[in-house]
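A quick write-up on the structure given underneath.
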Amino acid sequence: MKNNIRNVRKNMKLSQEGLANKCGVTRQTINAIENNKYDPTLALAFKLSIHLNTQIDKLFFYEEDME
């Protein structure tokens, strides 16, 4: 799953640490999500959408592997 979190977060002038604090996770978790190394739980995805003031489908994009 790909995401647009970094762009939305930067447009809001919010640091990874700031977003992490709002969502109750570590900065490393936000970094891993932004770098597509970790897919968040549904609960965390909702928290991200709330704190980034956008809809979940604007943050996450599903792409099937073409292998």
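The values are calculated or read from the model by the stated rules, or taken from the named source; none is laboratory data. Bear in mind the structure is a predicted one, so any value in this text is a computation, not a measurement. Here Cβ is always computed from backbone atoms with ideal geometry, including for glycine, and neighbour counts include all displayed protein chains. Side chains included, ligands, DNA and RNA excluded: accessible areas come from the protein's heavy atoms. Shrake-Rupley method; radii C 1.70, N 1.55, O 1.52, S 1.80 Å.
Take the residues in the range 29-67 that are in contact (Cβ under 8 Å) with a residue 40 or more places away in the chain and open to solvent by 40 Å² or more (accessible area, probe 1.4 Å); name whichever of them is farthest from the chain's Cα centre (by Cα). Can you show your working first?
We begin by selecting, within the range 29-67, every residue in contact (Cβ under 8 Å) with a residue 40 or more places away in the chain; these are 48, 52-54, 58-63.
Subset that is open to solvent by 40 Å² or more (accessible area, probe 1.4 Å): 53-54, 58, 61-63.
Values: ASN53: 12, THR54: 11, LYS58: 10, PHE61: 11, TYR62: 14, GLU63: 16 Å.
By that ranking, first place goes to GLU63.
Just the residues that are over 12 Å from PRO40 (Cβ atoms) and either within 12 Å of the chain's Cα centre (by Cα) or open to solvent by less than 70 Å² (accessible area, probe 1.4 Å) (or both), please, taken from the range 1-18.
The answer is LYS2, ASN4, ARG6, ASN7, VAL8, ARG9, LYS10, LEU14, SER15, GLN16, GLY18.
Out of curiosity, is THR29 β-branched (Val, Ile, Thr) and farther than 15 Å from MET1 by Cα? Quick ask: steps written out before the conclusion?
On the way: β-branched (Val, Ile, Thr): yes; farther than 15 Å from MET1 by Cα: yes.
So THR29 fits the description; yes.
Which residues, taken from the range 32-67, are touching a helix residue (DSSP H, G or I) at 6+ places or on another chain (Cβ under 8 Å), more than 14 Å from LYS2 (Cα to Cα) and of a type outside the set (A, V, I, L, M, F, W, C)?
Selection gives LYS47, SER49, HIS51, THR54, GLN55.
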